[in-house]
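Below you will find the structure I want to go over with you.
The values are calculated or read from the model by the stated rules, or taken from the named source; none is laboratory data. This is a predicted model, so every value here is computed, not measured. With ideal geometry, Cβ positions are generated from the backbone for all residues, glycine too; neighbour counts draw on all protein chains shown. Note: accessible area is taken over every heavy atom of the protein model, side chains too, but ligands, DNA and RNA are not part of it. Shrake-Rupley method; radii C 1.70, N 1.55, O 1.52, S 1.80 Å.
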Amino acid sequence: MRVLTVNPGSSSLKLSLLEEEKLLERAQVPTGSAEEEARALAETLRRMPVPDAVGLRFVHGGPGYRGPVLIDEAVTERLHELADLAPLHQPLSLRALKEVRRLLPHVPAVACFDTAFHAELPEAAATFPLPAEWRERFGLRRYGFHGLSHAHAVRRAGQLLSADPAALRLVVCHLGAGASLAAVAGGRSVDTTMGFTSADGLVMATRPGSLDPGLLTWLLRHGVTGEELAEAVVHRSGLTALAGTGDMRRIEQRAAEGDDRARLALEVYLHRLCALIAAMTAALGGLDVLVFTGGVGEHDAHVRRQVTERLGYLGLEVDERANEAAHGDAEITRPGAAVRTLVVTSREDLEIAAGVRRVLLS
C-alpha cells in the first residue's frame with residue numbers, strides 16, 4: 001500500500017510517499033495564502049504517483065479519538081469543533097484536508113492524532129485538580145502532544161538497543177519549536193509535559209510552557225484582555241520573549257558572544273528542561289534510556305551535553321565525540337554509563353503511515 005502522509009507545520013506542508021517503511025518521495029509545500037498553498041500542493045501531487053491512501057497529522061483528537069480514524073463528514077465536522085484547542089496547528093490540518101479531498105477525491109483519508117499516544121495516561125497524571133463540573137462539561141484533562149514523534153522514538157530506541165521497548169523506562173525529549181517530554185513505561189505514555197493545550201510544559205520558541213495560573217488571572221484583572229493573553233501565549237512568549245528570537249542556534253551564538261538576554265534565555269530553557277526530565281523519571285521510578293528527537297534534540301550537541309551533565313546524578317553520561325558527531329539515529333552513551341542516551345530522527349511520517357494501514361487493512 002502506497003501511503004501519502006501530510007504533516008502540516010507553521011511554515012510548510014511536509015509530504016512523504018511511503019510503501020511500507022520505504023520512502024518513495026518527499027516534498028515540502030510552503031504555507032502561505034490558501035490560494036498559493038492550494039496551487040503549490042496541486043503541482044506537487046501531480047508530480048507524484050497517485051497514492052492508495054492519505055494520512056493526515058492532526059495535533060488534537062479531543063477525548064473521542066484515541067487512535068487513527070477514517071475521515072468522513074462526521075469526523076470532519078468534529079475536527080473543526082476541536083480547532084480552538086489547538087489554534088496554531090489544527091486549522092492548518094483542516095485546510096490541508098480540504099485540498100487533499102479536492103485533489104484526490106477517491107482516495108481514502110485517515111486522521112492520525114498527536115494526542116492518541118497519551119490517551120491512556122494514568123488518571124493521576126491526566127486529571128486536573130479543577131471543579132468536577134468543569135472537567136465534565138469541557139472535557140478538561142491532560143491530553144499531551146507530539147505523540148507521533150514520541151511513539152516513533154520509543155519504537156526506534158528498541159531497535160537501536162536490540163531490546164523490547166516495553167521492558168524499558170524511557171524519557172523522550174521532543175525538542176523543536178514546540179517541545180514536550182514523555183515518560184514511557186511498558187511501551188505506554190505514563191506522563192507528559194504538555195497538558196490541555198500545547199502551550200504547557202517546557203519553554204518553547206514562542207510558547208511559555210508551565211505558568212502560575214494566578215499570574216494569568218492577575219493579568220486579566222489588570223487590563224490584559226483574553227484575546228491579548230491568548231495571542232501572547234501562542235506567539236510572543238518563550239524564547240522569543242526572552243531573547244527576541246525562537247531560533248536556538250542564534251541564541252547559543254549570541255550567548256557565546258556575551259549577550260545577556262540570550263544567555264538568560266538559554267539558562268531558563270535548560271533549567272525547565274532538566275527539572276521536567278527529572279520529574280518524568282519520578283513517574284517511571286527510574287530511568288533506562290533518554291532519547292533526544294526533534295530539530296533541537298537531533299542537531300544541538302550543546303543542549304544534549306548540558307542536559308546530561310546537569311542530570312549526571314541519574315546515571316547519564318555521553319561520549320563527547322559521539323555527541324558532537326551524532327547524525328541521524330545514533331547512540332551517544334559514554335561506555336559504562338548506567339543510562340543509555342540516544343539521538344533519534346523524528347519520523348512522524350512512518351507513524352502516520354502505520355496508522356493508516358491499521359485502519360484500512362484491519
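Can you tell me which of VAL6, VAL29 is open to solvent by less than 10 Å² (accessible area, probe 1.4 Å), without any contact (Cβ under 8 Å) to a residue 24 or more places away in the chain and either assigned to a helix (DSSP H, G or I) or under 27 Å from SER198 (Cβ atoms) (or both)?
Result of the check over VAL6, VAL29: VAL29.
If PHE58 meets every condition in (1) touching a Phe, Trp or Tyr at 6+ places or on another chain (Cβ under 6 Å); (2) open to solvent by 30 Å² or more (accessible area, probe 1.4 Å) apart from one, which number is that one?
The one condition PHE58 does not meet is (2).
Would you point out the residue of the range 294-326, among those that are in a loop (DSSP other than H, G, I, E, B) and out of contact with any Phe, Trp or Tyr (no Cβ under 9 Å at 6 or more places or on another chain), that is surrounded by the most Cβ atoms within 10 Å (Cβ to Cβ)?
Residue satisfying both the conditions and the ranking: LEU311.
Specify the residue that is farthest from LEU342 (Cα to Cα); the eligible residues are those in the range 156-169 that are in contact (Cβ under 8 Å) with a residue 60 or more places away in the chain and of a type in the set (D, E, K, R).
Step one: list which residues in the range 156-169 are in contact (Cβ under 8 Å) with a residue 60 or more places away in the chain, which gives 156-157, 160-161, 168-169.
Filter once more, keeping what is of a type in the set (D, E, K, R): 156, 169.
Numbers: ARG156: 10, ARG169: 13 Å.
Checked the range 156-169; the qualifying residue farthest from LEU342 (Cα to Cα) is ARG169.
Any idea which of LEU24, LEU18 is within 26 Å of ALA86 (Cβ to Cβ), of a type outside the set (Val, Ile, Thr) and touching a residue at least 12 places away in the same chain (Cβ under 8 Å)?
Details: LEU24 fails: within 26 Å of ALA86 (Cβ to Cβ).
Sole residue among the options that is within 26 Å of ALA86 (Cβ to Cβ), of a type outside the set (Val, Ile, Thr) and touching a residue at least 12 places away in the same chain (Cβ under 8 Å): LEU18.
On to the next question. With (1) open to solvent by 20 Å² or more (accessible area, probe 1.4 Å); (2) over 22 Å from SER210 (Cα atoms); (3) of a type outside the set (Lys, Arg) as the list, and VAL339 as the residue in question, which single condition is left unmet?
For VAL339, the failing item is (1).
Let me ask another. Of the residues ARG141, ARG137, only one is of a type in the set (D, E, K, R) and either within 21 Å of ALA330 (Cβ to Cβ) or without any contact (Cβ under 8 Å) to a residue 24 or more places away in the chain (or both); which?
ARG137
Going residue by residue through the range 213-223, is there one that turns out to be touching a residue at least 40 places away in the same chain (Cβ under 8 Å), surrounded by 14 or more Cβ atoms within 10 Å (Cβ to Cβ) and either touching a Leu at 6+ places or on another chain (Cβ under 9 Å) or of a type in the set (Ser, Thr, Tyr) (or both)?
Looking for residues that are touching a residue at least 40 places away in the same chain (Cβ under 8 Å), surrounded by 14 or more Cβ atoms within 10 Å (Cβ to Cβ) and either touching a Leu at 6+ places or on another chain (Cβ under 9 Å) or of a type in the set (Ser, Thr, Tyr) (or both), one finds none in the range 213-223, hence no.
In the range 327-358, how many are among the small types (Gly, Ala, Ser) and either closer than 19 Å to SER162 by Cβ or not in a helix (DSSP H, G or I) (or both)? Walk me through how you get there before you give the answer.
Let us first name the residues in the range 327-358 that are among the small types (Gly, Ala, Ser), namely 328, 330, 336-338, 346, 353-355.
Those left that are additionally either closer than 19 Å to SER162 by Cβ or not in a helix (DSSP H, G or I) (or both): 328, 330, 336-338, 346.
Total meeting the criteria: 6.
Then there's this: Of the residues in the range 286-306, how many are within 20 Å of the chain's Cα centre (by Cα) and under 15 Å from ASP319 (Cβ atoms)? Give the derivation first.
Just the residues of the range 286-306 that are within 20 Å of the chain's Cα centre (by Cα), to begin with: 289-301, 303-304.
So of that shortlist, the ones also under 15 Å from ASP319 (Cβ atoms) come out as 290, 292, 301, 304.
So the count comes out to 4.
Additional query: Note down all Cβ pairs under 8 Å where the first residue falls in the range 280-301 and is more than 19 Å from MET248 (Cα to Cα), the second is of a type in the set (S, T, N, Q) and surrounded by fewer than 23 Cβ atoms within 10 Å (Cβ to Cβ), and they're at least six residues apart or on different chains.
LEU287/THR281
Quickly run through the range 40-71 and pick out the residues that are hydroxyl-bearing (Ser, Thr, Tyr) and part of a helix (DSSP H, G or I). Even if it seems obvious, please write down each step before you answer.
So the first thing to find is which residues in the range 40-71 are hydroxyl-bearing (Ser, Thr, Tyr), and the list is 44, 65.
THR44 - this is the single residue of the range 40-71 that is hydroxyl-bearing (Ser, Thr, Tyr) and part of a helix (DSSP H, G or I).
I'm trying to understand the selection: among the residues of the range 9-23, which are charged (D, E, K, R), surrounded by 13 or more Cβ atoms within 10 Å (Cβ to Cβ) and within 21 Å of the chain's Cα centre (by Cα)?
LYS14 - this is the single residue of the range 9-23 that is charged (D, E, K, R), surrounded by 13 or more Cβ atoms within 10 Å (Cβ to Cβ) and within 21 Å of the chain's Cα centre (by Cα).
How many residues are in a loop (DSSP other than H, G, I, E, B) and of a type in the set (Gly, Ala, Ser) if we restrict to the range 9-26?
3
Still on this model: Can VAL50 be described as in contact (Cβ under 8 Å) with a residue 60 or more places away in the chain and either closer than 16 Å to ALA353 by Cα or charged (D, E, K, R) (or both)?
Values: in contact (Cβ under 8 Å) with a residue 60 or more places away in the chain: no; either closer than 16 Å to ALA353 by Cα or charged (D, E, K, R) (or both): yes.
Criteria not met by VAL50.
Take the range 346-362 and flag every residue that is surrounded by fewer than 16 Cβ atoms within 10 Å (Cβ to Cβ) and either touching a helix residue (DSSP H, G or I) at 6+ places or on another chain (Cβ under 8 Å) or touching a residue at least 24 places away in the same chain (Cβ under 8 Å) (or both).
To start, the set of residues in the range 346-362 that are surrounded by fewer than 16 Cβ atoms within 10 Å (Cβ to Cβ) comprises 358, 361-362.
Once the filter is applied, which keeps residues that are surrounded by fewer than 16 Cβ atoms within 10 Å (Cβ to Cβ) and either touching a helix residue (DSSP H, G or I) at 6+ places or on another chain (Cβ under 8 Å) or touching a residue at least 24 places away in the same chain (Cβ under 8 Å) (or both), the range 346-362 yields ARG358, LEU361.
Something else about it: Among (1) assigned to a helix (DSSP H, G or I); (2) open to solvent by 10 Å² or more (accessible area, probe 1.4 Å), which single condition is GLU37 missing?
GLU37 satisfies every listed condition except (2).
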